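The values are calculated or read from the model by the stated rules, or taken from the named source; none is laboratory data. Only a predicted model underlies this, so the values are computations on that prediction, with no experimental measurement involved. Every residue, glycine as well, gets a Cβ built from its backbone with ideal geometry; the counts of neighbours run over all protein chains shown. Surface areas here come from the heavy atoms of the whole protein model, side chains and all, with no ligands, DNA or RNA. Shrake-Rupley method; radii C 1.70, N 1.55, O 1.52, S 1.80 Å.
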Amino acid sequence: MAAKSSQTMTIPTDAELVQAQADLWRHCLSYLTPMALSCAIQLGIPTAIHRLGGAASLPDLVTALSLPPSKAPFLSRLLRLLSTTGVLASNEAGIYSLVPLSYLLVDGVRIDGDASQTALVLAVTSRHYMEAAMGLADWFKKDIAPPVPSPFEEVHGAALFEESMAVLDPECDKLFNEALAAHDHMGIGTILRECHGLFSGLQSLTDCCGGDGTTARSIVKAYPHIKCNVLDLPKVVDKAPSDGLVNYVASDMFHSIPPAQAVMLKLVLHFWGDEDCINILAQCKKAIPSREAGGKVIIIDIVVDSSSGQMFETQLLMDMAMMVYTRGRQRDENEWSSIFAKAGFSDYKIVKKLGARGVIKVYP
C-alpha cells in the first residue's frame, strides 16, 4: 500500500520544495516569536521606549535596560524580529518605536482604561502552558470517558483558576488570574463607543463573572441610570473594591443569577463546553423579563468566521488554546445559534464584530 501511494503522489517542483522547506522552518520555529515577546516584556523594552519619548536607538536601549554592552549585537537581533513581526516599528536609521500592540505592554500605562496585557503574554509563555501543549499528542491517544479533562489538567493534575492550581503553584496561579482579568477587561471602551444602543434604555444589568467590577463600572460611568450587579464566586467578590458604583453578589451562575433587565456574559462562555453553556444560558433566561419588557442576554465573545481573513487564524488559535488549557471552545455563528435554541431562546442578533470578537444580543 505504501509503494502504491508513493507512485500516485504528485511530486513537488523544485520551487515548491524550496518554499515548503522555508514554510516548515517558519512553522517549527514560530514558537520563538511569543518567547521573544515575553523576553521583551521581562527586559522592559516597551516601557523603556515609552520612557525615552516613544522612540529609541539600540545604544539608548542598552543603557536604559542596564544591559552589558557586549549584549548589544544580540539585542539588535531580538529587536529585528520584534520589528518584523509587528511588535515594534523601526526605520533605516535604527530607531525603534511603539505601535498599538506594544503600547499594550507598557507598564503603568492604560490605553482607554484598559489594563496592560503583559500578564497575558507571560502566562501563555509560562512553563505550565508550554508543557500542556507539549502533552497534546499523548492526550489524543487516551480514551477517556466524559467529561474529558483538558491536556493542561492531564499534564499538571490541576485546572486553571481552580484551587488545585493555587496549590500546585501559587505564583503562577496569581499570574494566570492577572492575565484573565487583563484579557476580560480589554475592549469595553471600544464596545461602549461602537455599539450604540447596546446599553441605552436598560434599567438594570447583571454582569456574570464580572470579576472586580472593572467592566461594570465602565458601563455605569457611561450610563449612570443603570443599576448594575456584578456576579462572581465568593473568593473573587471578597477581594473586589467597594466604591458604591456597582452591587457585588457572591454566587455561582450555574445555580442562580440576580434578576435584571439584561444579563451580560463577557468572555465567559468560551471557557465552557456546550452543555455547561446551555445550563448557564438557561439560568440567564430565568433572570430576565420577556423581550417585550426589554429582556436580553448580551454576549461578548469570539464568533469564528472563515471570511474574516487574518483574524480567522487568530480565532482558530484561540480555539486551540481553549482545547489545550480548558474544557471550552470558540464557536462559529451556527454553533452559537444551536446552544441559544437549546437553552430556550427565540432569537439573537450579532450587533457588531470588533476584531476577533462579536457582540451578540440574545432574546427570550
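I'd like the residue in region 339-358 that is touching a residue at least 60 places away in the same chain (Cβ under 8 Å) and in a helix (DSSP H, G or I) and, out of all such residues, is surrounded by the fewest Cβ atoms within 10 Å (Cβ to Cβ).
Within region 339-358, the subset touching a residue at least 60 places away in the same chain (Cβ under 8 Å) is 339, 342-345, 351-352, 354-355, 357.
Remaining after also requiring in a helix (DSSP H, G or I): 339, 342.
Values: Ile339: 21, Lys342: 14.
Per the stated criteria, the residue is Lys342.
When you check Leu316 against the structure, is it part of a strand (DSSP E or B) and within 22 Å of the chain's Cα centre (by Cα), yes or no?
Details: part of a strand (DSSP E or B): no; within 22 Å of the chain's Cα centre (by Cα): yes.
For Leu316, the condition - part of a strand (DSSP E or B) and within 22 Å of the chain's Cα centre (by Cα) - is not met.
Among the residues in region 62-81, are any touching a residue at least 40 places away in the same chain (Cβ under 8 Å) and more than 30 Å from Asp274 (Cβ to Cβ)?
Let us first name the residues in region 62-81 that are touching a residue at least 40 places away in the same chain (Cβ under 8 Å), namely 78, 81.
After this cut, where a residue has to be more than 30 Å from Asp274 (Cβ to Cβ) as well, the list is 78, 81.
Yes, region 62-81 has at least one match.
Where residues in region 45-77 are aliphatic (A, V, I, L, M), touching a helix residue (DSSP H, G or I) at 6+ places or on another chain (Cβ under 6 Å) and more than 22 Å from Gly108 (Cα to Cα), which of them is most open to solvent (accessible area, probe 1.4 Å)?
Leu58
With the structure loaded, tell me whether Thr215 is touching a His at 6+ places or on another chain (Cβ under 7 Å), hydroxyl-bearing (Ser, Thr, Tyr) and assigned to a helix (DSSP H, G or I) or whether it fails that test.
Working: touching a His at 6+ places or on another chain (Cβ under 7 Å): yes; hydroxyl-bearing (Ser, Thr, Tyr): yes; assigned to a helix (DSSP H, G or I): yes.
Considered against the rule, which asks whether it is touching a His at 6+ places or on another chain (Cβ under 7 Å), hydroxyl-bearing (Ser, Thr, Tyr) and assigned to a helix (DSSP H, G or I), Thr215 comes out as yes.
Report the residue count in region 5-44 for those that are open to solvent by 80 Å² or more (accessible area, probe 1.4 Å) and of a type in the set (Ser, Thr, Tyr).
3
Of the residues Glu194, Glu154, which is charged (D, E, K, R), open to solvent by 50 Å² or more (accessible area, probe 1.4 Å) and closer than 25 Å to Val351 by Cα?
Numbers: Glu154 fails: closer than 25 Å to Val351 by Cα.
None of the other options fit; the residue is Glu194.
Taking Val106 and the conditions (1) closer than 24 Å to Gly189 by Cα; (2) touching a residue at least 60 places away in the same chain (Cβ under 8 Å); (3) surrounded by fewer than 16 Cβ atoms within 10 Å (Cβ to Cβ), which numbered condition does it fall short on, given that it satisfies the others?
The failed condition is (3).
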